[in-house]
Amino acid sequence: MRPHLTELRLSAFAGHRRAGFPLGPLTLFTGSSGSGKSTALRAYEALARLGNGAPLAEAFPDPAACVPERARPDAQRRRGFRIGCTADGAEGPVRLDVAVQAEPELRIVGERLTAGGLVLLETALRDPGRRTVQAAWHTAGSAPVTRAPLPDDRLGTPLLPLRVAGKTDGQRRVLAAAEQMVVALRSVFACDPRPDRMRTAVPMGHGRLLPGCDNLADVLWRTRAECGRRHARLVAAVRAGCAGPVRDLLAEPLGDGTVRAVLDRGDGIVTELGRLGDGELRFLALALVLLTGPGVLDVDPPGEVPAALRTLTVLADGLDRALDAGQRAELLRLAAWTSGAGHIRLLGTVGDASWATGAEGVTVVHLNP
């Protein structure tokens with residue numbers, strides 16, 4: 001059972017208070033402008049970075065923007081936010097909740113990892129003058145818990161394998177729950193295709209797709225040769241989402257170290273991507289993202305975890321931007337097919353989800369401003 005997130009909790013984060021959002025294999029956040037759709041995606045991405053061991057400053061580059069607008073500072077002028085998630089897997093539901101102080105200094109002031117009603121890890125800021133938190137984790141040996149300091153600028157859960165010996169049943173349970181949470185958070189690809197950057201030839205490089213899909217032609221040059229079956233599925237999707245006949249999708253080296261992508265129309269005519277509309281380019285890029293995987297996308301998959309246990313989560317803010325009704329329907333069908341296999345999950349935001357509401361396998365979360 002591949003570890004995956006089933007809930008995102010924003011207890012006090014930007015415009016969200018006491019909010020909990022269910023997450024399925026294919027989830028769409030919808031709501032009016034200002035309802036917090038993009039904020040929820042940023043929160044998910046921040047948790048993923050923390051799960052990868054990133055420092056707080058990298059996960060929250062603008063921490064003041066994460067503090068609820070009406071939050072008042074305490075006597076020490078401290079303000080912060082609270083965020084959390086639930087990961088399901090072989091260990092059952094595992095909850096992670098984190099309290100972050102944003103002002104006057106960015107630091108973690110509390111973290112709790114629980115499973116089956118048992119607190120497996122708990123941290124708290126005891127001495128504001130030290131850059132550490134006091135951590136206590138479940139042991140179930142001669143002593144019920146083990147205590148030790150942990151840094152206050154990183155999540156404690158990914159650090160547990162370096163601290164817990166795994167000699168008792170309790171310690172092994174802590175390690176298993178921490179591993180499930182970290183694996184569920186690890187592989188995330190935040191994608192926002194930029195049509196204005198996809199229209200020209202690009203330098204040939206390592207063939208890893210960037211978040212803006214700027215180097216789509218370079219990636220096509222690689223993937224077309226690596227997997228003919230997957231490329232055929234991509235061509236079929238492009239045929240449904242682009243105007244005019246499409247026989248193939250090609251990448252052509254230009255002899256100067258660059259490569260361009262073109263559509264083969266099947267009658268001796270090829271169309272450069274620069275001639276396509278914004279909706280066609282965004283559709284093509286999103287279809288490529290869904291049909292590839294961690295080996296092609298610019299993400300850092302957990303190499304120590306077998307591929308059969310990994311799940312890649314694609315975050316797509318403005319998933320339906322510039323797409324017409326036919327392109328939306330085809331992209332939804334493609335996303336449902338890929339997420340149904342369990343390897344790729346999709347979390348996107350849309351302005352209006354009426355076209356997806358009721359579709360099989362789709363979780364629609366309605367947000368109110």
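The values are calculated or read from the model by the stated rules, or taken from the named source; none is laboratory data. Fair warning: this is a prediction, and the values are worked out from it, not measured in the lab. So basically every Cβ, Gly included, is an ideal-geometry build from the backbone, and we count neighbours across all protein chains shown. Please note that ligands, DNA and RNA were not included when accessible areas were found on the heavy atoms of the full protein model with its side chains. Shrake-Rupley method; radii C 1.70, N 1.55, O 1.52, S 1.80 Å.
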| Residue identified as in contact with a Ser or Thr (Cβ under 9 Å, 6 or more places away or on another chain) and in contact (Cβ under 8 Å) with a residue 12 or more places away in the chain among Arg154, Arg163, Arg173, Arg199 | Arg163
| field | Residues satisfying the stated conditions in segment 350-363, i.e. closer than 15 Å to Leu331 by Cβ and not in a loop (DSSP other than H, G, I, E, B) | value | Val350, Val362
| request: Select from segment 124-160 the residues that are under 16 Å from Ala178 (Cα atoms), open to solvent by less than 50 Å² (accessible area, probe 1.4 Å) and not in a helix (DSSP H, G or I) and list them in ascending order. | output: Ala135, Ala136, Trp137, His138, Thr139, Thr146, Leu150, Leu155, Gly156
| query | Here are some residues: Arg18, Arg70. Which one is in a loop (DSSP other than H, G, I, E, B) and among the charged types (D, E, K, R)? | reply | Arg70
| note | Of the conditions (1) of a type outside the set (Phe, Trp, Tyr); (2) closer than 20 Å to Asp320 by Cα; (3) under 23 Å from the mean Cα position of the chain (by Cα), the single one that Asp278 does not satisfy is (3)
| message | Can you find, within segment 161-180, the residue that is modelled with the lowest pLDDT among those that are surrounded by fewer than 16 Cβ atoms within 10 Å (Cβ to Cβ) and under 17 Å from Ala90 (Cβ atoms)? | response | Gly166
| Complete set of residues in segment 109-119 that are among the aliphatic types (A, V, I, L, M) and either more than 15 Å from Leu150 (Cα to Cα) or out of contact with any strand residue (DSSP E or B) (no Cβ under 6 Å at 6 or more places or on another chain) (or both) | Ala115, Leu118, Val119
| query | Is it fair to say Leu120 is aliphatic (A, V, I, L, M) and either outside any strand (DSSP E or B) or within 14 Å of Arg9 (Cβ to Cβ) (or both)? | reply | no
| said: Based on this model, can you work out whether Arg82 counts as charged (D, E, K, R) and within 23 Å of Ala178 (Cβ to Cβ)? | reply: yes
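Residues checked against (1) open to solvent by less than 20 Å² (accessible area, probe 1.4 Å); (2) within 30 Å of Ala359 (Cα to Cα):
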residue	(1), (2)
Gly15	no, yes
Pro25	no, yes
Ser33	no, yes
Leu41	yes, yes
Tyr44	yes, yes
Pro73	no, no
Thr86	yes, yes
| query | Just a yes or no: is a residue in segment 98-109 in contact with an Asp or Glu (Cβ under 8 Å, 6 or more places away or on another chain) and open to solvent by 70 Å² or more (accessible area, probe 1.4 Å)? | reply | no
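Let's see how each residue does on (1) of a type outside the set (Val, Ile, Thr); (2) in contact with a Lys or Arg (Cβ under 7 Å, 6 or more places away or on another chain); (3) without any contact (Cβ under 8 Å) to a residue 24 or more places away in the chain; (4) surrounded by fewer than 19 Cβ atoms within 10 Å (Cβ to Cβ):
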residue: Arg229; (1), (2), (3), (4): yes, no, yes, yes
residue: Val246; (1), (2), (3), (4): no, yes, yes, no
residue: Pro253; (1), (2), (3), (4): yes, no, no, yes
residue: Gly266; (1), (2), (3), (4): yes, yes, yes, yes
| task | Just need a number here: residues in segment 210-222 that are open to solvent by less than 20 Å² (accessible area, probe 1.4 Å) and part of a helix (DSSP H, G or I). | result | 5
| query | Of all residues in segment 46-63, which are in a helix (DSSP H, G or I), small (Gly, Ala, Ser) and surrounded by fewer than 19 Cβ atoms within 10 Å (Cβ to Cβ)? | reply | Ala57
